[in-house]
Amino acid sequence: MPSSSFGASLATPKLNVAIDTGNPFLNVTVDGFLKIGTVAAAKSLAEDAYYVVKGGNFSGRKIEHSLKKMCKEGAYWGSYVLPCMLYLANFIWTVAGMYVGMEYGMERIRGTHDWKNAMLGGALTGALISAASKKSKDNVVIDAIAGGAIATASTFLNYLI
């Protein structure tokens, strides 16, 4: 009996930026800013892509707006992600319990330990919390994207420390 299969893999990208400021703490801070800013820009791009696909409206003005939004989000997240996380510690304890379970579940299902588990676990956590809050379908998707981005950023920070 004929059969066919599909095999593919997505390699983990390696991004190493070497900026030597002469101070090890400052080096880690700059590296973290760049990595977290990149995650935020990707989050912004994913949100805008969702709305373009959903609405079918694509124009030069939307591209320009998306690029500006990506830069703003990248700078904001790179600068403020840690202080915001500390400020929201009480809420984070609740979400953290759900996220840890989701990430562990992803690790067990996928059989590997990498940043993709964090992204998938964060996306599921964001979607579940949003759905439990009885938000619209669009908000559930956006919250899933945000959850995946925050979890991925957190994982990248753990690699720095």
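We did not get these values from a lab; they are worked out from the coordinates using the rules stated. Since this is a predicted model, take the numbers as computed values, not measurements. We place every Cβ from the backbone using ideal geometry, glycine too, and count neighbours over all the protein chains shown.
Relative to the current alpha-carbon distance between LEU34 and VAL53, full extension at 0.36 nm per residue lengthens the span by 4.0 nm.
Under the combined filter of DSSP loop state and at most 16 neighbouring Cβ atoms within 10 Å, the range 110-161 retains none of its chymotrypsin sites (Phe, Trp or Tyr not before Pro). With a threshold of 20 Å on the Cα-Cα distance, the over-threshold entries among LYS62/LYS135; LYS69/LYS116; LYS43/LYS137 are LYS62/LYS135; LYS69/LYS116. What the Cβ-Cβ distance of HIS65 and LYS134 gives, at R0 = 45 Å and to the nearest 0.05, is a FRET efficiency of 0.95. Given R0 = 45 Å, the distance between the Cβ atoms of ASN23 and ILE109 translates into a calculated FRET efficiency of 0.60.
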